[in-house]
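Trainee: What follows is a structure written as structure tokens; I'll ask about it next.
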Amino acid sequence: MSLRSLVIATLVAIPLTAIANEPNVQPGEWEMTSITTFPGTPMPEQRDSSRECVTSEDLEGLIFEVDLEEESCEITDKEISADRMTYSMTCQHEDGMDMTMDAEIRFLGDRTEGTMDARMTTPMGPMHMRMELEGRRIGDC
């Protein structure tokens, strides 16, 4: 997952017109890694890594507008600053698959780190998914 994708993916659930402060992220070449696990299941962890050039323009004035009614989701808590973002979200789908997610992402200038925890009710029973996210600036583009 790329840094820009991470910022957008983690904020996509938040119905904002804009963030008052841009994320504390230095432009440049970034390497992002994520590890997804499913505690309590035999499913193997999934690792993903990507690189992307993030420019100042990518970070300036990002606008996030989402129609949460279409997704049947509701933000139950959120806190956003230039250095940190946390949110909680619940989703209720017509197919009976409900989800509650808690996320925290820290923007640390030349690196990012965070976690996302999702608890789901599925036709096969309850499931827990945890994603650990980490990014680092590796140089100029």
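The values are calculated or read from the model by the stated rules, or taken from the named source; none is laboratory data. The structure presented is a predicted model; accordingly, all values stated were derived computationally and were not measured. Cβ coordinates were reconstructed from backbone atoms using ideal geometry, including for glycine residues, and neighbour counts include every protein chain displayed.
Trainee: Could you please find all residues in segment 82-130 being without any contact (Cβ under 8 Å) to a residue 40 or more places away in the chain and in a loop (DSSP other than H, G, I, E, B)?
Mentor: Here is the first cut: in segment 82-130, the ones without any contact (Cβ under 8 Å) to a residue 40 or more places away in the chain are 84, 86, 88, 90-100, 102, 104, 106, 111, 113, 115, 117-126.
Hits for segment 82-130 are 93, 94, 95, 96, 97, 123, 124.
Trainee: Please verify whether residue 3 is at pLDDT below 75 and in contact with a Phe, Trp or Tyr (Cβ under 6 Å, 6 or more places away or on another chain), treating the condition exactly as stated. Give the derivation first.
Mentor: Details: at pLDDT below 75: yes; in contact with a Phe, Trp or Tyr (Cβ under 6 Å, 6 or more places away or on another chain): yes.
Spelling it out, residue 3 is indeed at pLDDT below 75 and in contact with a Phe, Trp or Tyr (Cβ under 6 Å, 6 or more places away or on another chain).
Trainee: Being acidic (Asp, Glu) and at pLDDT below 90 is the filter; apply it to segment 84-114 and report the residue that is nearest to residue 132 (Cα to Cα).
Mentor: 98
Trainee: Filter segment 41-58 down to residues that are part of a strand (DSSP E or B) and either crowded, with 16+ Cβ neighbours inside 10 Å or of a type in the set (Ser, Thr, Tyr) (or both) and give me whichever is modelled with the lowest pLDDT.
Mentor: 54
Trainee: I've got another one for you. Residues of segment 28-40 being outside any strand (DSSP E or B) and surrounded by 12 or more Cβ atoms within 10 Å (Cβ to Cβ), which ones?
Mentor: 38
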